[in-house]
Amino acid sequence: MILDDILEILRKKSDDKAYTINQKSYTYKELYKFVCNIYNFLLEKNKEKKTVIVLGHKEVYMKATFLACSFAGITYVPVDENIPLERLEKIEEQINPALIIGKDISKKEIFEIMNKDNFEEINQIYLKPDDIYYIIFTSGSTGIPKGVKVTYKNIDSCINWLKRITNIKKEIILNQANFSFDLTVADLYLSLVSGSEQVVLSNQNINLKEMFENLKLSNCNIAIITPTFADLLLLDKRFERNLLPNLHTILFCGEKLLKSTVDKLYSRFGNIRIINCYGPTETTFAVTSIEINKKMLNYEEIPIGIPKEDVEIYILDENKKQLPDGEIGEILIVGESVADGYINNLQNNNFIIYNGKKAYLTGDLGYIDNGILYYKNRKDKQIKFKGYRIELSDIENNLYSLGYIEKNVVVSKKKNNKVLKIIAFVILKENINKTEKEIEMDLLQKIPQYMCPKIKIIKEFPINENGKLNEKELLEEI
Ligand code: AMP
């Protein structure tokens, strides 16, 4: 399994680059030392093998700790340090971790631990196929983030599939997203199983100029990114072949890939392989893929592909009956990639058994045509905004928890199916004097910046003829 392959590569202690951040590189030999030291530290310090939270922002200790935990048979939870304290506490309460690397063990301490030159090498891989490999937290409609439990089997199947569809050799792989999102699972582990270099783009205190400098220096040949990120880069004329002469593959996942994005990439980069992957965190990074070609620019929309070998996909109607090809319904994912549910069985209803197999009801609407899956939109209030997955009711419930809001409705303003803005319409409780800015500042204590909506205080909500909220009229106000 993948941990055997990774350990074999690490044990070679090569001087090849394994990890680069802000122009500082670490070799496989160094990474192996870091992993061994943290592994020994964890086996000693956490004998019960309770879950560990790894907090930080893409520092090399995060990657080393993920590996050390996995070899030691300890589940890890990656959390980006830009998360508000209250949100981190909600995660801590659910996990009850043995320790938080990056907090209980400070960054300075973990750097000291992992840099010891006399260390015992890894002598055993403790993780078993059905054990939980990691838990990734995602927006929960109740206002409490929900943790998806992904098993070693899940991730092993995912990475082996990615190896096949990318036909990966020894490469330089670009990472975009924070380690707390499952998009990064692909670049973190694909790089390790192939002995490749992972170059990460720090998202902290970085401007576009530095970003382009780092991109150029990365000299990457595979990029694993969201369509939003590609669109952002494409806004700048510098994003073309001369910037990344060796880029041969872009792997997209996480959002609808638009024809306009693909078209621009072809014209800027000429010969480039574009792979579109689809899947939620609950089914381990992705479950379908397709290599895009120029002919597809004439289709109504870019397909999301065909399922990986150990997964079946069905389109269901509202009564969970299978729909024929061509009809739009909810995408059901069945098989090996389906995770082990949410931690503490929170909102577990979408994890079901279908034809005797593990399955996940995605809430995504799509259809199958000629064996190829297409994505339409969502059937609920979950959105993707700038690549981030957000439940609008997560924001609503956090607004209520401020204690001074009588009623609120959070909506998204879309153009061509793409979310441009999130707006929260709020009615304040009697005698409360708060400005929109003050509400925003209060809310930022509870939810991450990327989830924070534009606040609009109103006196009453518009109602339609059926007595229901008139969302259309609300949106006209902005
Ligand atoms: P996440 O759990 O953050 O990966 O988000 C999963 C959701 O992102 C899916 O349920 C879809 O709604 C959306 N998504 C992921 N990949 C794609 C894709 N290739 N095209 C359209 N939507 C996607």
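So the values come out like this:
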quantity: Test result for Leu67, at pLDDT 95 or above and part of a loop (DSSP other than H, G, I, E, B); calculated: no
quantity: Residues (among the aromatic types (Phe, Trp, Tyr) and near the ligand (Cβ under 7 Å from one of its atoms)) located in region 275-289; calculated: Tyr278
quantity: Helices (runs of 4 or more DSSP H) contained in region 151-224 and holding at least 3 residues closer than 29 Å to Thr51 by Cβ and open to solvent by 10 Å² or more (accessible area, probe 1.4 Å); calculated: 152-166
quantity: From the options Asn350, Asn344, Asn319, residue that is within 14 Å of the ligand (Cβ to nearest atom) and either at pLDDT below 95 or surrounded by fewer than 21 Cβ atoms within 10 Å (Cβ to Cβ) (or both); calculated: Asn350
quantity: Region 437-478, subset among the aliphatic types (A, V, I, L, M) and not in a helix (DSSP H, G or I), residue nearest to Leu392 (Cα to Cα); calculated: Ile447
quantity: Out of Asn377, Asn355, sole residue that is under 19 Å from the mean Cα position of the chain (by Cα), open to solvent by 30 Å² or more (accessible area, probe 1.4 Å) and either more than 16 Å from the ligand (Cβ to nearest atom) or of a type outside the set (A, V, I, L, M) (or both); calculated: Asn377
quantity: Given (1) free of Cβ contacts under 8 Å to residues at least 12 places away in the same chain; (2) closer than 30 Å to Leu215 by Cα, number of the condition Leu7 does not satisfy; calculated: (1)
quantity: Residues that are open to solvent by 50 Å² or more (accessible area, probe 1.4 Å) and at pLDDT 95 or above, drawn from region 327-341; calculated: Glu327, Ile328, Asp340
quantity: Scope region 30-70; condition in contact with an Asp or Glu (Cβ under 6 Å, 6 or more places away or on another chain) and farther than 18 Å from Ser180 by Cα; matching residues; calculated: Cys36, Asn40
quantity: Residue list for region 290-316, filter: farther than 13 Å from Asp369 by Cα, within 16 Å of the ligand (Cβ to nearest atom) and among the acidic types (Asp, Glu); calculated: Glu291
quantity: Given (1) open to solvent by 30 Å² or more (accessible area, probe 1.4 Å); (2) in contact with a strand residue (DSSP E or B) (Cβ under 8 Å, 6 or more places away or on another chain); (3) hydroxyl-bearing (Ser, Thr, Tyr), number of the condition Ser260 does not satisfy; calculated: (2)
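The values are calculated or read from the model by the stated rules, or taken from the named source; none is laboratory data. For clarity, every value in this text was computed on a predicted model and none was experimentally measured. Note: ideal-geometry Cβ built from the backbone for every residue, glycine included; neighbour counts use all protein chains shown. Side chains included, ligands, DNA and RNA excluded: accessible areas come from the protein's heavy atoms. Shrake-Rupley method; radii C 1.70, N 1.55, O 1.52, S 1.80 Å.
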